[in-house]
Structures are given as structure tokens and as C-alpha cells.
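The values are calculated or read from the model by the stated rules, or taken from the named source; none is laboratory data. Here the structure is a predicted model, which means the values were calculated and not measured. Glycine also receives a Cβ, built like all others from the backbone with ideal geometry; neighbour counts cover every protein chain displayed.
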Amino acid sequence: MGNTSPVGLGETLHTPEWVETCKAGGTITKGQVVKLSSAPGSDGIATVAAAAATEIAYGVALRNASSGDYIPVLKRGYVTVTAAGSVTAGGYIKPAAGGKVQAATAFEMGWAVTGASNDGDTLLVRVVL
């Protein structure tokens with residue numbers, strides 16, 4: 001299926017509703033789903049890392065970052081992400097390995113606006129965290 005989103009990977013559609021500044025706890029790629037890896041420190045900034053399949057999503061990275069960099073993380077809005085396999089438009093999504101998304105049977109982090117057929121396809125999702 002390829003790219004079914006009208007915007008590029010890690011790009012938002014419309015004005016993002018909620019973006020939080022976080023600190024990268026490792027290398028993060030724009031468009032990856034991230035998890036909370038440590039609570040906010042004395043600076044009040046949470047540290048995030050790429051999420052895996054069994055982890056709770058904290059948001060979607062809006063730019064590339066190296067460990068220690070500050071990074072904008074989308075918490076609510078429309079953004080393009082990478083699928084780990086088949087995802088149906090309108091279906092729920094959840095984190096997958098490598099910061100990708102996969103189909104979910106119940107609400108976890110949002111839903112797919114467009115679909116994806118294969119691992120590596122990009123799709124537009126609605127994130128609600």
C-alpha cells in the first residue's frame with residue numbers, strides 16, 4: 001500500500017492540539033511512537049525513548065533526536081507514523097516494536113485515519129493521549 005498519508009513521516013496535519021517538550025533518552029527518529037522512560041527531573045522535563053509493542057505510548061516524536069536532546073512530542077493531534085503491518089483505516093492503534101504502530105482491538109493511543117498493508121508503510125493517525 002505504501003504511503004497513504006497526505007503528509008510526510010512525523011509531520012502533523014492541521015495545527016497540533018497538544019505538543020510537549022521532552023528529553024530524548026536515546027536516539028529517536030521523527031515519527032516514532034515514544035514511551036515515558038523517566039519521570040520529569042528537576043527541570044520539569046520528562047525523558048522519552050522509542051516505544052516497544054508491550055509499552056504504553058506517551059506520544060509521537062516530531063523530530064529526530066540524540067540522547068539528551070530536547071524534542072517535541074505530539075500528545076494529541078494528527079501525525080504520520082510507520083506501520084508494523086496491516087492496519088485498517090478507522091481501526092484502533094497501539095505501539096509496536098521500533099516505535100511503529102500496529103492494529104489494536106481496543107483504544108490504547110488513537111486510531112488510523114488512513115490504512116497500511118505492510119511493515120514499513122506510512123499512515124496518518126489521530127493520537128489522543
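Of the numbered criteria (1) assigned to a loop (DSSP other than H, G, I, E, B); (2) of a type outside the set (V, I, T); (3) without any contact (Cβ under 8 Å) to a residue 24 or more places away in the chain, the one R63 fails is (3). I'd like the full set of residues that are within 12 Å of the chain's Cα centre (by Cα) and part of a loop (DSSP other than H, G, I, E, B), limited to segment 20-52. Answer for segment 20-52, where residues must be within 12 Å of the chain's Cα centre (by Cα) and part of a loop (DSSP other than H, G, I, E, B): T29, K30, G31, Q32, A51, A52. Which one of these is in contact (Cβ under 8 Å) with a residue 12 or more places away in the chain and assigned by TED's automatic domain parsing to the domain that holds G25: A57, A104? Answer to the selection: A57. Of all the criteria given as (1) more than 14 Å from the chain's Cα centre (by Cα); (2) surrounded by fewer than 23 Cβ atoms within 10 Å (Cβ to Cβ), the one not satisfied by Y92 is (1). When A65, A104 are checked against the criterion of being under 24 Å from P6 (Cβ atoms) and crowded, with 18+ Cβ neighbours inside 10 Å, a single residue qualifies: A104.
Taking V48 and the conditions (1) touching a Leu at 6+ places or on another chain (Cβ under 8 Å); (2) within 23 Å of P6 (Cβ to Cβ), which numbered condition does it fall short on, given that it satisfies the others? Single failed check for V48: (2).
Is there a residue being assigned to a strand (DSSP E or B) and touching a Ser or Thr at 6+ places or on another chain (Cβ under 7 Å) anywhere in segment 10-19?
First, the residues of segment 10-19 that are assigned to a strand (DSSP E or B): 12-19.
Next, from what is left, pick out any that are touching a Ser or Thr at 6+ places or on another chain (Cβ under 7 Å): none.
No: zero hits.
The single condition among (1) touching a Cys at 6+ places or on another chain (Cβ under 8 Å); (2) in a strand (DSSP E or B) that V81 does not satisfy is (1). Checked against (1) on the phi < 0 side of the Ramachandran plot; (2) outside any loop (DSSP other than H, G, I, E, B); (3) surrounded by fewer than 18 Cβ atoms within 10 Å (Cβ to Cβ), G98 passes all but condition (1). Put simply, of V7, V34 the only residue that is surrounded by 18 or more Cβ atoms within 10 Å (Cβ to Cβ), of a type outside the set (S, T, N, Q), in contact with a strand residue (DSSP E or B) (Cβ under 6 Å, 6 or more places away or on another chain) and touching a residue at least 12 places away in the same chain (Cβ under 8 Å) is V34.
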